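Data first, discussion second: the structure below is written as structure tokens.
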4 protein chains.
Amino acid sequence: MKKLNVAILGATGAVGQRFVQLLEGHPWFTVAEVIGSSRSAGKPYGEIVNWVLAGAPPADVAGLTVKGLHDDIHSPLVFSALPKEPAIEREPELASAGHVVCTNASAHRMASDVPLLLPEVNVAHIGLIDVQRQERGWSTGALVANSNCTTMPVVMALRPLVGYGIEAVHMVSEQAISGAGYPGVASLDITDNVVPYVSGDEHKMETEPLKMLGELDENGITFAEMKLGATCTRVPVIDGHLVNMSVSFAAEPSIAEIIATWQTFQAEDPVPLLPSAPAHPLVYLPQIDRPQPRRDRMIGGGMTTVLGRLRECPIMGYKFAALSHNTIRGAAGCSILNAELLAVCGYIEGFKPTL
Amino acid sequence: MKKLNVAILGATGAVGQRFVQLLEGHPWFTVAEVIGSSRSAGKPYGEIVNWVLAGAPPADVAGLTVKGLHDDIHSPLVFSALPKEPAIEREPELASAGHVVCTNASAHRMASDVPLLLPEVNVAHIGLIDVQRQERGWSTGALVANSNCTTMPVVMALRPLVGYGIEAVHMVSEQAISGAGYPGVASLDITDNVVPYVSGDEHKMETEPLKMLGELDENGITFAEMKLGATCTRVPVIDGHLVNMSVSFAAEPSIAEIIATWQTFQAEDPVPLLPSAPAHPLVYLPQIDRPQPRRDRMIGGGMTTVLGRLRECPIMGYKFAALSHNTIRGAAGCSILNAELLAVCGYIEGFKPTL
Amino acid sequence: MKKLNVAILGATGAVGQRFVQLLEGHPWFTVAEVIGSSRSAGKPYGEIVNWVLAGAPPADVAGLTVKGLHDDIHSPLVFSALPKEPAIEREPELASAGHVVCTNASAHRMASDVPLLLPEVNVAHIGLIDVQRQERGWSTGALVANSNCTTMPVVMALRPLVGYGIEAVHMVSEQAISGAGYPGVASLDITDNVVPYVSGDEHKMETEPLKMLGELDENGITFAEMKLGATCTRVPVIDGHLVNMSVSFAAEPSIAEIIATWQTFQAEDPVPLLPSAPAHPLVYLPQIDRPQPRRDRMIGGGMTTVLGRLRECPIMGYKFAALSHNTIRGAAGCSILNAELLAVCGYIEGFKPTL
Amino acid sequence: MKKLNVAILGATGAVGQRFVQLLEGHPWFTVAEVIGSSRSAGKPYGEIVNWVLAGAPPADVAGLTVKGLHDDIHSPLVFSALPKEPAIEREPELASAGHVVCTNASAHRMASDVPLLLPEVNVAHIGLIDVQRQERGWSTGALVANSNCTTMPVVMALRPLVGYGIEAVHMVSEQAISGAGYPGVASLDITDNVVPYVSGDEHKMETEPLKMLGELDENGITFAEMKLGATCTRVPVIDGHLVNMSVSFAAEPSIAEIIATWQTFQAEDPVPLLPSAPAHPLVYLPQIDRPQPRRDRMIGGGMTTVLGRLRECPIMGYKFAALSHNTIRGAAGCSILNAELLAVCGYIEGFKPTL
């Protein structure tokens, strides 16, 4: 099988770099185009990128000439790590021009015809692409978003528990600095410190799960109903968002039932067979002091959501901790998994791998 | 006025050092005896202490010879920074021998005749000393405890709000490493990491506030009634425990009312006049990203509880953040304030300063 | 004595804030004007400053309206925390207009008629002001610089040793993040990391000491002669630059002699009597693992240079560690000390305090 | 080929864990025995190990029952991560009993008949094993050491430059916390701090390179002659020791020659073919601010020494920075590479893989 060319929007930023890193050696996709700011356009990626990850960018991508935001793109599949503002116009423009766009930007997440896709959670929402194409008159193009990086572990943890009747979810996050991009958080702000506020994230955590856990029918997505309350804080951690969650259920599951439900959870086919799908979407650690960001963020290659400390909450039923790698599962890795799902489901014209 | 000699139990540990530091230049008390482990007994304090605070121990204390745990103590007032185990026996033994013991240890906090004293919160509980002396047959001795260091900001924040009918309090802490003493938390455990568990603290946070906010009458303390749920985590911060709190009230105060209630809160006399009492027991910061441990822990010399981010909670009414310096207000500083209160109230024989 | 009004250029930056903080309650100077960027001009300092130090700006300064860089300044004394570029023109312009300018900027440090003043090191260089005034035709104005923040501990440590015939100095620094200003170092660059390069600082460390340790005569300053080699690195420390130094001497002092020389070192009169002069300009710590930035940077209120670990170097004679607080002694605090010296020496017209 | 059983002494410590991690999936060796303290003996490794690395120990090793230090060992090859004291007796005892012991302990490093082996540097020193066996009357047993973790990058960097006549080497290290084992460095000692002293390491850095760069002939190893001076400091970094080096040469190589010498350096056969040998033992990074511990420590799987910032030193000729992963290349990884070399050279009886 010939690999599919992909383009990366915002390729020089922190999430863009994660796309480049995760796509190195990808079995289906090959990075053919990198799009940056006007400042970097025309120069070799390897020269102008301030690589914030370990080591150096892969040699083949380092040699690519960076394109400007409005330059022509030839790759059928586009990953977007754009900031919100430029994403508002450029992403639909590319979808309209026939590209399948898998975006990490927040700009279009809550649009009624854009799937907020997390394959293990709501694979059925992929059907919204048909609505989208019809409504917007797009033939081969599509626009698919993934959620906020802190929403991710929350929705992953909740998905298997939906059967117990989730009534309310109280969340307090301890988020890594990489979630703010680069240069992002000043070291003078976070060394020996906690910042008890992350702009915009509380609202996203209180709204995105309702769409992601909703039901798609001919009228679009009917949002899930539950009360969501979030407090977001920033801590001196490189990668990995930890969320302290308390949940009220209509049913009365036991602790053992909840753990068993998590541990036996599997995504619907074909998700578990996708190249970037982790062997276990959820892992529950029995140790009393886990999950920990530095030690557990790379479980499943950074694609597994790691749970721990399930116990009764005197106030809301149960409480526990959930951890996801914010720039892998919470950003670039999820977009790539979304694209893999789109491919096998036939949404990328002329490229339908068999599993 | 001649200063009162005081002894410090556990003087070489992290909290013991804070006692030594805070008592330097104290207007009423002078450190006359430092008690350490058998390993350090007989040696000059300045030689054997591994001073974990800034600079060096005060010269006069550095020159004191460290005593062993069971050596005779001559100071009428004893501050205890003992670990729980040795505190169980030694503290009542000293009180029985006539010493007033102000302890930071958890050993006797929940005993029915031991005041769990936080002067701005429950000055009336000082009356429990009379019960204690009668029941235990102590004449001049007394045993007074202060709360856990993470309980401290919680109770300080709640005290002015009692009138609104506190029904439930949900707490997620982000605690500093100094709370674990020295050597305490291994750097390999906390660098670039969060540890989502602090042994013992969740239970203390779910029980101590009920006693501290309770009412004292002839039958002892009737505990307050409210639901308390705590999650305790450790973050890479030197000093300052931050607690993310959500509270349900029976009444319906507005945000402006709550802030005004906090800002106008003053302790009952004579507390505001005590040497270690901060000008403002509570400060509310209006900035959206405060309080922050590194920037706000030293407000009021580390004795002020700093609040911020009050807003509606979709689940429990209101939520906000509370911060206290854990080894000053949350430990040694509170014990010293307690001792000052005991002195002016006449509970230290032969030493009653006038304010 | 009526206090002297002072203005602070670059008052909203990290060093500018240190000026504001250190001048709170200063016995001679009062902050009357704060000058910021055009973006902040016209607004109250307290509203627009992103206060990176602990707590909040002093209330009286918080209420000042920020002026723009080119607005008129009325204060006779001006402290400058400007970046290099705007300092090039604006500082001499103000001196020419009659202001005494004490600057922390690097722009004019090596100009032949500008004293690179460190009072304990080269008080005699103050005489260069007379040359400066004559050459530039300034009457009451003057321009006096202090050194780079990493040069500072080096020169302080070397000054008392000049008599031994310093031949060569090898330096490797471990510098704090506050040295880069705000936002300065990105947290993604320095968390769990060392950056082995600090732009521009190696050159400054290899040149500034030669001027500072030089001799002033009628021909200006004759630079000291010695070989200087510097490597500058950045570490995850908030404040305090540590320099690992190796030194070759022409003479053969013993370790005891060197330590005694440091410990008995005193600046020439009137320097020790100045309000901001520390009781001890140099302190040598005997512990094998000191000085340490977090524990020792605030010795002498951040104005003392702290030395330790003096021992033979197999290569260069002796080696030791030197530490200074980079934004106090290494920046704002030194400028203030310089200004105090200028005042008592009669270089600020109409304001000559007696000691 | 049947894999060779290996035992790990000190398997529960920080370096012991690195052995377990690196040997997972090793093509030649399989972990058959794990030896711990008496406290952990008799229990499953997975239950008693406090795993300080990412994730969890491999399942097969987790299931092994930990043996006590003096229990019988059956594996022909033994890796030792013992502390110095127990290593003094136990390691020769095991070699005497016929085991090939590859140790990371310092106990026997400088013994005249023990190779201080770093395959890329001194593969010929392996011949010392014949002397050792003859002198000590060992038949199949052997004792081979690797160097201190901070010595490692120094010797790797110097080895290709020996031809230029190294006369003196000045070193200032910035070492990671993992070098002190677990619990090792207290977080209160290193957060927001540098500790300018690492017990024992300066002496090791000033002696071990002389042996490692020496010549083996019939009289044993003739030590290299050069002046070595080291200062060791600890910084808040998880893994990766950075050494700032200045070097004097008898010859006068240009910067370009030195870089070319490093980049073309290859170990002698059969070293480059060993399973754990990195593709490039040395990598020189051209960026002005590299190498950095967090970004560059995992180059070559943590087995490559990373160099950068080569420039003239005003004092000693040239200076540069060298970085190695201290628990991989500087400890467990080097021992494993040593064992691989011993195997292919026929020093492990009955186990001689072909490359």
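Of the residues C:GLY220, C:GLY184, C:GLY179, only one is in contact with a His (Cβ under 9 Å, 6 or more places away or on another chain), farther than 24 Å from D:ILE315 by Cα and of a type in the set (Gly, Ala, Ser); which?
C:GLY179
Taking the criterion of being in contact (Cβ under 8 Å) with a residue 24 or more places away in the chain and either of a type in the set (S, T, N, Q) or in contact with a Gly (Cβ under 6 Å, 6 or more places away or on another chain) (or both), would at least one residue in the stretch A:227-234 satisfy it?
Yes, that holds for at least one residue.
What number of residues within the stretch C:225-244 are acidic (Asp, Glu) and at the interface with another protein chain (Cβ under 7 Å from one of its Cβ atoms)?
Looking only at that region, the number is 0.
Residue-by-condition table, conditions (1) among the hydroxyl-bearing types (Ser, Thr, Tyr); (2) without any contact (Cβ under 8 Å) to a residue 12 or more places away in the chain; (3) surrounded by 23 or more Cβ atoms within 10 Å (Cβ to Cβ):
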{"residue": "D:PRO272", "(1), (2), (3)": "no, yes, no"}
{"residue": "D:HIS280", "(1), (2), (3)": "no, no, no"}
{"residue": "D:VAL283", "(1), (2), (3)": "no, no, no"}
{"residue": "D:GLN287", "(1), (2), (3)": "no, no, no"}
{"residue": "D:ASP296", "(1), (2), (3)": "no, no, yes"}
{"residue": "D:GLY302", "(1), (2), (3)": "no, no, no"}
{"residue": "D:LEU310", "(1), (2), (3)": "no, no, no"}
{"residue": "D:MET316", "(1), (2), (3)": "no, no, yes"}
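Which numbered condition trips up B:ILE328, out of (1) buried (at least 21 other Cβ atoms within 10 Å of the Cβ); (2) touching a Ser or Thr at 6+ places or on another chain (Cβ under 7 Å); (3) more than 14 Å from chain A (Cβ to nearest Cβ)?
Tallying (1) buried (at least 21 other Cβ atoms within 10 Å of the Cβ); (2) touching a Ser or Thr at 6+ places or on another chain (Cβ under 7 Å); (3) more than 14 Å from chain A (Cβ to nearest Cβ), B:ILE328 fails exactly one: (2).
Within the stretch D:160-172, identify whether any single residue is within 19 Å of C:GLY240 (Cβ to Cβ) and surrounded by 24 or more Cβ atoms within 10 Å (Cβ to Cβ), and answer yes or no.
Checked the stretch D:160-172: at least one residue is within 19 Å of C:GLY240 (Cβ to Cβ) and surrounded by 24 or more Cβ atoms within 10 Å (Cβ to Cβ).
Answer yes or no as to whether D:ARG90 is away from every other protein chain (no Cβ under 14 Å), among the basic types (Lys, Arg) and within 25 Å of the chain's Cα centre (by Cα).
Answer is yes for this residue.
Would you mention how many residues in the stretch D:28-80 are among the acidic types (Asp, Glu), in a loop (DSSP other than H, G, I, E, B) and in contact (Cβ under 8 Å) with a residue 24 or more places away in the chain?
Qualifying residue count for the region: 1.
Out of the residues in the stretch D:45-57 that are farther than 18 Å from D:GLY181 by Cβ and crowded, with 17+ Cβ neighbours inside 10 Å, which is nearest to the other protein chains (Cβ to nearest Cβ)?
Among those that are farther than 18 Å from D:GLY181 by Cβ and crowded, with 17+ Cβ neighbours inside 10 Å, it is D:ALA56.
Take the conditions within 19 Å of the chain's Cα centre (by Cα), within 24 Å of A:ASP239 (Cβ to Cβ) and not in a loop (DSSP other than H, G, I, E, B) and apply them to A:VAL20. Does it pass?
Yes.
When you check B:VAL66 against the structure, is it in contact with a Gly (Cβ under 6 Å, 6 or more places away or on another chain) and surrounded by 23 or more Cβ atoms within 10 Å (Cβ to Cβ), yes or no?
Against the criterion (in contact with a Gly (Cβ under 6 Å, 6 or more places away or on another chain) and surrounded by 23 or more Cβ atoms within 10 Å (Cβ to Cβ)), B:VAL66 qualifies.
One line per residue, one yes/no per condition, for (1) within 14 Å of chain D (Cβ to nearest Cβ); (2) touching an Asp or Glu at 6+ places or on another chain (Cβ under 9 Å); (3) surrounded by fewer than 24 Cβ atoms within 10 Å (Cβ to Cβ):
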residue	(1), (2), (3)
B:VAL144	no, no, no
B:ILE177	yes, yes, no
B:ALA180	yes, no, yes
B:SER199	no, yes, yes
B:THR207	no, no, yes
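May I ask you to list the residues in the stretch B:259-312 that are more than 9 Å from every other protein chain (Cβ to nearest Cβ) and β-branched (Val, Ile, Thr)?
Matches in the stretch B:259-312: B:ILE259, B:THR261, B:THR264, B:VAL271, B:VAL283, B:THR304, B:THR305, B:VAL306.
So that you can scan it fast, the table gives a plain yes or no per residue for (1) buried (at least 24 other Cβ atoms within 10 Å of the Cβ); (2) more than 20 Å from the chain's Cα centre (by Cα):
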residue: A:LYS204; (1), (2): no, no
residue: A:GLY220; (1), (2): no, yes
residue: A:LEU228; (1), (2): no, no
residue: A:THR231; (1), (2): yes, no
residue: A:ILE238; (1), (2): no, no
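Could you grab me the full set of residues in the stretch B:99-142 that are without any contact (Cβ under 8 Å) to a residue 40 or more places away in the chain and crowded, with 24+ Cβ neighbours inside 10 Å?
Of everything in the stretch B:99-142, those that are without any contact (Cβ under 8 Å) to a residue 40 or more places away in the chain and crowded, with 24+ Cβ neighbours inside 10 Å turn out to be B:VAL114, B:PRO115.
Just to verify a result, which residue in the stretch B:1-17, among those that are closer than 23 Å to C:ARG295 by Cβ and not in a loop (DSSP other than H, G, I, E, B), is nearest to the chain's Cα centre (by Cα)?
Going through the qualifying residues, I end up with B:VAL15.
What number of residues within the stretch C:1-22 satisfy the criterion of being under 15 Å from C:LEU64 (Cβ atoms) and crowded, with 22+ Cβ neighbours inside 10 Å?
Counting residues in the stretch C:1-22 that are under 15 Å from C:LEU64 (Cβ atoms) and crowded, with 22+ Cβ neighbours inside 10 Å gives 11.
Residue check, A:GLU174 against (1) charged (D, E, K, R); (2) out of contact with any helix residue (DSSP H, G or I) (no Cβ under 6 Å at 6 or more places or on another chain); (3) farther than 30 Å from C:ALA186 by Cβ, all met but one. Which one?
Unmet condition: (3).
For the stretch C:245-268, does any single residue satisfy the condition of being buried (at least 16 other Cβ atoms within 10 Å of the Cβ), within 16 Å of C:ASN326 (Cα to Cα) and within 17 Å of the chain's Cα centre (by Cα)?
No, because not a single residue in the stretch C:245-268 is buried (at least 16 other Cβ atoms within 10 Å of the Cβ), within 16 Å of C:ASN326 (Cα to Cα) and within 17 Å of the chain's Cα centre (by Cα).
Condition check ((1) closer than 20 Å to C:LEU143 by Cα; (2) of a type in the set (Lys, Arg); (3) at pLDDT below 95) across all residues:
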site: C:GLY10; (1), (2), (3): yes, no, no
site: C:GLU24; (1), (2), (3): no, no, no
site: C:SER40; (1), (2), (3): no, no, yes
site: C:LYS67; (1), (2), (3): no, yes, no
site: C:HIS70; (1), (2), (3): yes, no, no
site: C:VAL78; (1), (2), (3): yes, no, no
site: C:LEU82; (1), (2), (3): yes, no, no
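Enumerate the helices (runs of 4 or more DSSP H) found wholly within the stretch B:248-355, keeping only those where 2 or more residues are touching a helix residue (DSSP H, G or I) at 6+ places or on another chain (Cβ under 6 Å).
Result: B:255-263, B:333-344.
Based on what the data block shows, is C:SER178 closer than 21 Å to C:GLY16 by Cα and free of Cβ contacts under 8 Å to residues at least 24 places away in the same chain?
Answer is no for this residue.
The values are calculated or read from the model by the stated rules, or taken from the named source; none is laboratory data. Computed from a prediction, not measured in an experiment: that's the story for all the values here. Using ideal geometry, Cβ is built from the backbone for each residue, glycine included, and neighbour counts are taken over all protein chains shown.
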